[in-house]
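Q: Before I ask anything, here is the structure I am working with.
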Amino acid sequence: MMRRMSSELENLRAKIDEVDREIIAALGKRMLLVDEIGVYKKANGIGLFDAARLEDVLKTRADCAKEKNLSIDFIHDLFALIHKESVAREEEA
């Protein structure tokens, strides 16, 4: 019985590991787009920080979180961190 639970737990953890790899891959793709945006903004004299865009991102992601039954605070914090990293990368572009 204990072995079956252990095997089931390992299987579930392996599935989480795969989802985590997918999340990291998606973040990698997102950051490549951020790099392109940074180059575009610099080439066109556009400021890096756009408060309206951040507000829109946080609101739309919160709406999506509600649909997926996720904590709005968690998604807000997550995307605030993603945005912070995005702005830092745009500065480097």
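Yes or no, residue by residue, for (1) open to solvent by 70 Å² or more (accessible area, probe 1.4 Å); (2) modelled with pLDDT of 95 or more:
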{"position": "MET2", "(1), (2)": "yes, no"}
{"position": "GLU18", "(1), (2)": "yes, yes"}
{"position": "ASN44", "(1), (2)": "yes, yes"}
{"position": "PHE49", "(1), (2)": "yes, no"}
{"position": "LEU54", "(1), (2)": "no, no"}
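Q: Output the qualifying pairs, or none if there are none: Cβ atoms under 9 angstrom, residues six or more apart or on different chains, first residue in region 46-75 and without any contact (Cβ under 8 Å) to a residue 12 or more places away in the chain and in a loop (DSSP other than H, G, I, E, B), second residue open to solvent by less than 100 Å² (accessible area, probe 1.4 Å) and small (Gly, Ala, Ser).
A: Taking only residues 6 or more apart or on different chains, the pairs are SER71/ALA65.
Q: In this structure, is VAL39 in a helix (DSSP H, G or I) and either within 17 Å of LEU27 (Cβ to Cβ) or open to solvent by less than 70 Å² (accessible area, probe 1.4 Å) (or both)?
A: no
Q: Please verify whether GLY28 is without any contact (Cβ under 8 Å) to a residue 12 or more places away in the chain and not in a helix (DSSP H, G or I), treating the condition exactly as stated.
A: So GLY28 does not fit the description; no.
Q: Considering only residues that are open to solvent by 100 Å² or more (accessible area, probe 1.4 Å) and at pLDDT 95 or above, which ones fall in region 67-90?
A: Selection gives GLU67, LYS68, ASN69, ASP73, PHE74, LEU81.
The values are calculated or read from the model by the stated rules, or taken from the named source; none is laboratory data. Every value quoted in this text rests on a predicted model; they were computed, and no experiment measured them. No Cβ is skipped: glycine too gets one built from the backbone with ideal geometry, and neighbour counts run over all protein chains shown. Note: areas computed on protein heavy atoms with side chains; ligands, DNA, RNA excluded. Shrake-Rupley method; radii C 1.70, N 1.55, O 1.52, S 1.80 Å.
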